[in-house]
Amino acid sequence: MKKLHLIIVMSGMFLFSCGKTENKSTQPATGIVSDPLPSWNEDASKKAIIDFVTKTTQEGSVDFIPVADRIACFDNDGTLWSEQPLYFQFIFALDRVKALAPQHPEWKNTQPFKALLKGDMKTVMAGGEKALVQIVMTTHAGMTTEEFEKIVKDWMATSIHPKTGKHYNEMIFQPMIELLDYLRANGYKTFIVSGGGVDFMRPWVEQAYGIPPDQVVGSSGKLKYEVKEDGIPVLIKIPELNFIDDKEGKPAGIHQYIGKRPVFTAGNSDGDYEMLQWTSTATGYPRFGMIVHHTDSVREWKYDRGSHIGKLERGLDDASKYNWVIVDMKNEWKELH
């Protein structure tokens, strides 16, 4: 299943609805609040965050970081919103196959589409990387970027999560929204650095997280420039990989697209390990690494080691080595969404 995420993110798709749920910001225009993180319990993680922000933004502090260097990077899947039981992107891809099936009668006798249409996910997954690539390439290529964006928005406007019955954009973590707001209120510039497709995060992240499109780093597929018969230029999505923003790709993506090493990084899985490590081992300014640990089987899901989604093993093992703060979702968050 490690390959599942890799294949899905390289397709250049990432999902959200641009009209369902407003960003529940906790920061007023002045940036002055009595409690900047009201959905966080008064535990170690909240104290560590506030202490870090305070010491790095206080003029005269030995740990002061100039505004220009206050760079904070966040993973998305499992860090800013849920990711179980399958990455939301993969659910979208499966639904796209079903929607396109009437145009492809040959799929009734062609794997992996035959199994997928019958709901036989065991056979689909048994096809391995080749089968998953077929699904992704079939559902994401051969259309303009505008056409694909509309398909995603339409899907998000009507689709609900198979386990919770909620719209996918209702599964954003409110404590993380508060953290983003708090950092920005103190001069930090917040970025998303995700394995998800950059083309599909950019249309919705500003409404969802308050992060503008130009502050998103993600995986991408190649595009082809064409001029249509009516003289209108378009970008066509083609089934070729451009960049995978996962694991070791995350530090590379930060360097290429942001140009500065972050001082604050948050993730939730071993896919974020290299980004956290790269941040924490830098010299000069103080650094903050944070891992969202999914420990709540009642309000969400409980998983880490051995999970088929969001596996967290190296991060747990090395957290103390790098002084990463592990956020216990069950015990440290008053509310999730």
Enumeration of residues in segment 72-95 that are part of a loop (DSSP other than H, G, I, E, B) and out of contact with any Gly (no Cβ under 6 Å at 6 or more places or on another chain):
L80, S82, Q84, P85, L86, Y87
Which numbered condition in (1) free of Cβ contacts under 8 Å to residues at least 60 places away in the same chain; (2) touching a Leu at 6+ places or on another chain (Cβ under 8 Å) is the only one that F113 fails?
(2)
Residue check, S280 against (1) among the small types (G, A, S); (2) within 14 Å of the chain's Cα centre (by Cα); (3) closer than 22 Å to A48 by Cβ, all met but one. Which one?
(2)
Restricting segment 238-265 to residues that are without any contact (Cβ under 8 Å) to a residue 40 or more places away in the chain and in a loop (DSSP other than H, G, I, E, B), which is surrounded by the most Cβ atoms within 10 Å (Cβ to Cβ)?
K247
Sole exception among (1) surrounded by fewer than 14 Cβ atoms within 10 Å (Cβ to Cβ); (2) under 23 Å from F88 (Cα atoms); (3) of a type in the set (D, E, K, R) for K330, by number
(1)
Restricting segment 266-296 to residues that are β-branched (V, I, T) and in contact (Cβ under 8 Å) with a residue 12 or more places away in the chain, which is surrounded by the fewest Cβ atoms within 10 Å (Cβ to Cβ)?
T281
Residues that are crowded, with 21+ Cβ neighbours inside 10 Å and more than 19 Å from Y257 (Cβ to Cβ), drawn from segment 187-216:
A208
Mind listing just one residue for me: the one in segment 67-126 that is closer than 30 Å to G289 by Cα and of a type in the set (S, T, N, Q) and, of those, nearest to the chain's Cα centre (by Cα)?
N76
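Values in this text are rule-based calculations from the coordinates and carry no lab data. Keep in mind it's a predicted model, so treat the numbers as computed, not measured. When we count neighbours, we look across all protein chains shown, and the Cβ atoms used for this are built from the backbone with ideal geometry, even at glycine.
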